[in-house]
Amino acid sequence: MYRNDTIIPFFALLFSAALFLMSYLNGQRIAVLTGHKPEELSVGQIGLMAFAAVLFIYGAIGYISAWLEGQELRPGRHFPEPSTSPLVAGIVLVLLLTAMGGFFVQLLVYSAQSGQNPTWLQGGFFAAMALIIAALLAIYKKFYQREEVVTEDEHSEVPW
C-alpha cells in the first residue's frame, strides 16, 4: 500500500516551472511591445506567480514527505541507524546558520547607522536562515527520531 507517491509532486513542480516561465515571457512580450521594461507587474503575472508558488510548495512538500517517511507503509517500530554523516551535516549547517546570523545582525546594525535599508538583502538572508533551520529539522526527523506505524482494522468508528 503506497501512501507517498512522487508522480503528482513531479508534475506540480513541472507545472509551477511552466507557470513561472509563462509569467516571465509575458513580461518580456510586454517589454517588446512597449519598447521599455515596465516597472510594475500586471495582475495576470502576479496570479501566475502566486499559483506557481503554491504548486512549487506542494511539490516540494510531496518530495520531502516521500524522503522522510518513505513510500511504503510498514507497520511496527522503526529505529534510526547510527551514522556520522547526519551529525557532520548538522554541525556544518549549524555553523553556517551561526555565521549567517552574525552577518544578519551586522546588516541590521549597518542599516540603523547609515540610514540605508537594503530590505531585499535582509529578506534574502532571513529566508536562507529559515531554509537552513528547515533542513536541520528534516535531518533530525529522518536520522534521529524514532517512528511507530500503527495500523487499524477496516471497521473503525469513522463513519466513512
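The values are calculated or read from the model by the stated rules, or taken from the named source; none is laboratory data. Just so it is clear, the structure is predicted and the values come from calculations on it, not from any experiment. In this analysis, Cβ positions are derived from the backbone assuming ideal geometry, glycine residues included, and neighbour counts consider all displayed protein chains. Side chains included, ligands, DNA and RNA excluded: accessible areas come from the protein's heavy atoms. Shrake-Rupley method; radii C 1.70, N 1.55, O 1.52, S 1.80 Å.
Are any residues in region 53-87 outside any helix (DSSP H, G or I) and out of contact with any strand residue (DSSP E or B) (no Cβ under 7 Å at 6 or more places or on another chain), and if so, which ones? GLY70, PHE79, PRO80, GLU81, PRO82, SER83, THR84, listed by residue number. For LEU68, the conditions (1) closer than 19 Å to GLU147 by Cα; (2) surrounded by fewer than 13 Cβ atoms within 10 Å (Cβ to Cβ); (3) among the aliphatic types (A, V, I, L, M) are fulfilled apart from (2). Do we find a residue being of a type in the set (Val, Ile, Thr), open to solvent by less than 90 Å² (accessible area, probe 1.4 Å) and at pLDDT 95 or above anywhere in region 119-133? Yes, because at least one residue in region 119-133 is of a type in the set (Val, Ile, Thr), open to solvent by less than 90 Å² (accessible area, probe 1.4 Å) and at pLDDT 95 or above. Against the list (1) assigned to a loop (DSSP other than H, G, I, E, B); (2) loosely packed, with under 13 Cβ neighbours inside 10 Å, the condition ASN4 fails is (2).
All conditions but one from (1) surrounded by 10 or more Cβ atoms within 10 Å (Cβ to Cβ); (2) in contact (Cβ under 8 Å) with a residue 40 or more places away in the chain apply to ALA53; the one that does not is (2).
Run down LEU19, LEU13 and say which single residue is modelled with pLDDT of 90 or more, hydrophobic (A, V, I, L, M, F, W, C) and closer than 30 Å to TYR144 by Cα. So that I can check it myself, show each step before the final result.
Numbers: LEU19 fails: closer than 30 Å to TYR144 by Cα.
Criteria check complete, one pass: LEU13.
Inspection of region 127-139 finds no residue satisfying the criterion of being farther than 29 Å from THR6 by Cα and free of Cβ contacts under 8 Å to residues at least 24 places away in the same chain. Taken over region 72-95, the criterion of being open to solvent by less than 80 Å² (accessible area, probe 1.4 Å) and either over 16 Å from ALA138 (Cα atoms) or free of Cβ contacts under 8 Å to residues at least 12 places away in the same chain (or both) is satisfied by LEU73, GLY76, HIS78, SER85. Close contacts from region 25-39, counting a first residue that is closer than 21 Å to MET49 by Cα and assigned to a helix (DSSP H, G or I) and a second that is open to solvent by 70 Å² or more (accessible area, probe 1.4 Å) and not aromatic (Phe, Trp, Tyr), with Cβ to Cβ under 9 Å and a gap of 6+ residues or different chains, come to GLY27/LYS37; GLY27/LEU41; GLN28/LYS37; ILE30/LYS37; ALA31/LYS37. Do the conditions hold for ALA50, that is, is it part of a helix (DSSP H, G or I) and under 22 Å from the mean Cα position of the chain (by Cα)? Spelling it out, ALA50 is indeed part of a helix (DSSP H, G or I) and under 22 Å from the mean Cα position of the chain (by Cα). Could you please give the count of residues in region 102-151 that are closer than 30 Å to GLY70 by Cβ and either in a helix (DSSP H, G or I) or basic (Lys, Arg) (or both)? The total comes to 18.
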